[in-house]
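Notes to accompany the following structure.
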Amino acid sequence: MAPVVTSVSPAQGNPAGGTSVTINGSSLTSATVVRFGSNLATNVVVVSDTQITATTPPGSGTAKVTVTTPGGTSTQNVLFTYTTAPAPTITSLSPSTGPAAGGNSVIVSGTNLSGAVQVLFGSTPGTILTSAPSQVIATAPAGTGTVNVTVTTPNGTSNPLPYTYTPVPAPTLTNLNPTNGPTAGGNTITITGTNLTGTTQILFGTNPATTFTINSPTQITATAPAGPASAVNVTVTTPGGTSNPLPYIYVAAPTVASVSPQFGPAAGGTTVIITGSNLALATQVHFGPNLATGLTVVSDTQLTVTAPAGTGTVVVTVTTPGGTSTVGLGIPYYTYLGAPVINALIPNNGTAAGGDSVTIGGSNLIYTDSVTFGGTPASFTVFSDTIVVATTPAHAAGTVNVQLHTPAGNSNTFPFTYDPA
C-alpha cells in the first residue's frame, strides 16, 4: 500500500535547510526516502506507522513533501515553504534573578519567538511553558552565578541576556515560644527568626514536627512531636540550609502523691502542702474545678498553695508545661468540711472534780480533733458525725463554755455548769 502524507510541521523553514520537521500520515513504517521537492531530506526517523521525523534539505520556494516506501510514493499535495524568517531576538527577562534551586517561571520578551524549541540558561535547558511571537515563558533550571539566556526557534538562536542565580540565605532562629512542653507533644510552638520562607523541615532533636505553617519570612507555627523527657535542639531547614539550634525541653507530666492537710473549711484559705514529682515548673493547682492561690514552688517534689473555697471531696491537680497530673498511686484528695456545730450537751452539768461523761450532740463532728471545757482540754471519743463523748476535766464551780475544733475550724460554744462540791 502506498504511503499517505497528511501534514508536515512546521510547514516552513530556512532556505539553507536544517529545519527539524514531523511528517504525519499513514503506511509510513517502511519509508526509505523523504523528499522536499526533488531534494532528499536527511536524518529520517520512522517514529511509527503514522509519523516520521526528518531534517529539511536546502531549497527555495514551495516544495511538495513526499514519502517513498516499497509500496510506492505518496501523492498528496502537502507543501513546505522555504522562507527567510528573521531569527528571534530577546529584549528582557522577568525576573532576571532567581533561586539557585530553580523552579521559578521566567518571562522572556522579544520578537520572532513563535515556535520556540529551546530556552537555555547557560548550557542547561529550561522547561518551555508557553510560546508566542513576543513572549516565551519558561521554568528556570537549577544553577549558580550569572548565565546567558537564549531562545532557539526553527529560524535560529537569539541574542543572550544575563540571568543571575541568587544564593538563598540560610535560616536563623531567634526565639521559641514556649520553650518547653509535654513528652506527648501536640502543643503549638511559635518559631521566630529570619529567612524562614520555603521551610521544608523542622526537627525537635531527631524528630520532625508533626505539622507546621509558614506565617511569614520571620515566623512559623509548628506542632511539637512526642519526645522523651530531655532537652533537644530545634532546627529549621530551607533550600538555603539548616538554621542554628535553639533548646526545647520535654517536660515529664507532674504527679501528686499527697496533700497535707487533707481537710479544710468550705470557705477555703487553708495552706496546703502538695508532694509529688516533676512539680518545679508548676503554673496552676486546682482543687476540683477551682483554682488555688498563693502557689509557691518549694522544690521539684513539693508545693504550697492556699486552698480555694469548695465543697465535698475533690481531686487536687497540678499543671506544668508537661501536662496536668492524673489520679495515680498517690492520694491527691482534699475534703471540704462544714464548720462543726454543737446543739446539745447531755448532761449539761457535772462535778468540779471532773471525770463526768458528757455526750455532745451536733453536726460536722466526725473530724473533731479537740474538745475544751472553759479552755481546758478534755479527753474525748468521736462516735459519728453527730456525737462526740467527752470526759470533763476538773474545774472550779461555775458555768463554762464547751467548744469543739475540727480542720474546718472552731464550733460555736455551749454552756456547761460545774456544780459546787
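The values are calculated or read from the model by the stated rules, or taken from the named source; none is laboratory data. This structure is a prediction, so every number in the text was calculated from the model and none was measured. FYI the Cβ positions are ideal-geometry reconstructions off the backbone, even for glycines, and counts take in every protein chain you see. Accessible surface areas use protein heavy atoms only, side chains included; no ligands, DNA or RNA. Shrake-Rupley method; radii C 1.70, N 1.55, O 1.52, S 1.80 Å.
General remarks:
- With respect to being more than 30 Å from Ser60 (Cα to Cα) and surrounded by fewer than 15 Cβ atoms within 10 Å (Cβ to Cβ), Thr139 falls outside the description.
- Evaluating Leu129 against the criteria (1) outside any loop (DSSP other than H, G, I, E, B); (2) more than 30 Å from Ser38 (Cα to Cα); (3) over 44 Å from the mean Cα position of the chain (by Cα); (4) not polar (S, T, N, Q) leaves one unmet condition, (3).
- Residues of segment 1-26 satisfying the condition of being hydrophobic (A, V, I, L, M, F, W, C), surrounded by fewer than 17 Cβ atoms within 10 Å (Cβ to Cβ) and under 17 Å from Gly71 (Cα atoms): Met1, Ala2, Val4
- Filter result for Val315 (open to solvent by 40 Å² or more (accessible area, probe 1.4 Å), touching a Gly at 6+ places or on another chain (Cβ under 9 Å), in a strand (DSSP E or B) and not basic (Lys, Arg)): yes
- Hits in segment 162-198 (condition: outside any loop (DSSP other than H, G, I, E, B), free of Cβ contacts under 8 Å to residues at least 60 places away in the same chain and among the aliphatic types (A, V, I, L, M)): Ile189, Ile191
- Applying the set (1) open to solvent by less than 20 Å² (accessible area, probe 1.4 Å); (2) at negative phi to Thr376 leaves exactly one unmet item: (1).
- Condition check for Leu303: outside any strand (DSSP E or B) and surrounded by 15 or more Cβ atoms within 10 Å (Cβ to Cβ): no
- Single residue of Thr223, Thr190, Thr197, Thr237 found to be more than 30 Å from Ala282 (Cβ to Cβ) and either at pLDDT 95 or above or open to solvent by less than 60 Å² (accessible area, probe 1.4 Å) (or both): Thr237
- Checked against the criterion of being in contact (Cβ under 8 Å) with a residue 24 or more places away in the chain and assigned to a strand (DSSP E or B), segment 208-217 has no qualifying residue.
- Lone unmet requirement of (1) part of a strand (DSSP E or B); (2) within 30 Å of Ala229 (Cβ to Cβ) for Val149: (2)
- For beta carbons closer than 6 Å, sequence separation of 6+ or different chains, a first residue in segment 85-96 that is under 11 Å from Val151 (Cα atoms) and among the hydroxyl-bearing types (Ser, Thr, Tyr) and a second that is at pLDDT below 95 and surrounded by 13 or more Cβ atoms within 10 Å (Cβ to Cβ), the qualifying pairs are Thr89/Thr111; Thr89/Ser158; Thr89/Asn159.
- Gly276 passes every criterion in (1) open to solvent by less than 30 Å² (accessible area, probe 1.4 Å); (2) in contact (Cβ under 8 Å) with a residue 60 or more places away in the chain; (3) touching a strand residue (DSSP E or B) at 6+ places or on another chain (Cβ under 9 Å); (4) not polar (S, T, N, Q) apart from (2).
- Qualifying position, being closer than 30 Å to Pro228 by Cα and open to solvent by less than 60 Å² (accessible area, probe 1.4 Å), among Gly355, Gly288, Gly362: Gly288
- The set of residues from segment 11-26 being of a type outside the set (Ser, Thr, Tyr), part of a loop (DSSP other than H, G, I, E, B) and more than 13 Å from Ala63 (Cα to Cα) comprises Ala16, Gly18.
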